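Laboratory data are not the source of any read-out in this text; all were calculated from the coordinates shown. Fair warning: this is a prediction, and the values are worked out from it, not measured in the lab. Ideal geometry is used to build each Cβ from the backbone, glycine not excepted, and the neighbour counts take in all protein chains shown.
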Amino acid sequence: MKKLIFSVVLMTWSALVLAQTPSRQEQFILDLSKKKFDWLINKQYDSLTALLDDKVQYIHSSGWTQNKKEIVDDIKSGKLNYQNVAIKESQARLYASTAIVTGLGSFGGIGDGKPFSAELRYTEVYVKTGNRWLLVSRHANKMP
């Protein structure tokens, strides 16, 4: 009886641990999302441009929206200058050729010449085209 109870507890615990561990592809998407934030901070325009779908839409927590050209141009010009991004949590869910990343992080920098700092909950949608993942949508909400 003790062996049966131990086995059931062990299987339940194992299932919970495995369910919380991202798959290899989910981890790849999470790493790609993190790299994107690094590229924004380090102004790596080529990498960022390659990741963004031509029809990407960024919706900032203020309601401001940007397309691909505006995102890249605003970072190049300094209109939007990310200085730090600290991701506190994130997860990826895969659906065939679509990946949805949800996360929470602290974002800081300079926007329109004014410093900003915000705790944001965000959603990013990636679509696999050929053998590349492209960011097609991003939306952020300020946390109280």
Theoretical ellipticity at 222 nm over the chain - DSSP helices of four or more residues, -39500 (n - 2.57) apiece, nearest 500: -12500 deg cm²/dmol
G103 neighbourhood, Cβ < 15 Å, K/R = +1, D/E = -1, net charge +2
For K114, go through the lysines and keep the ones whose alpha-carbon is under 29 Å away, minus same-chain ones fewer than eight residues off. K34, K35, K36, K43, K55, K68, K69, K76, K79, K88, K142
log10 I(q)/I(0) for segment 23-144, Debye formula on C-alpha points only (no solvent), q = 0.12, 0.14, 0.15, 0.20 Å⁻¹, two decimals, reads -0.40, -0.55, -0.64, -1.19
Sum of side-chain charges, R93 neighbourhood, beta-carbon under 15 Å (Lys, Arg +1; Asp, Glu -1): -1
First select every other residue whose beta carbon is under 13 angstrom from the beta carbon of S23; then total the charges, Lys and Arg +1, Asp and Glu -1. 0
With springs only between Cα atoms under 10 Å apart, run a GNM on the chain and tell me which of A118, A86, A96 wobbles the most. A96
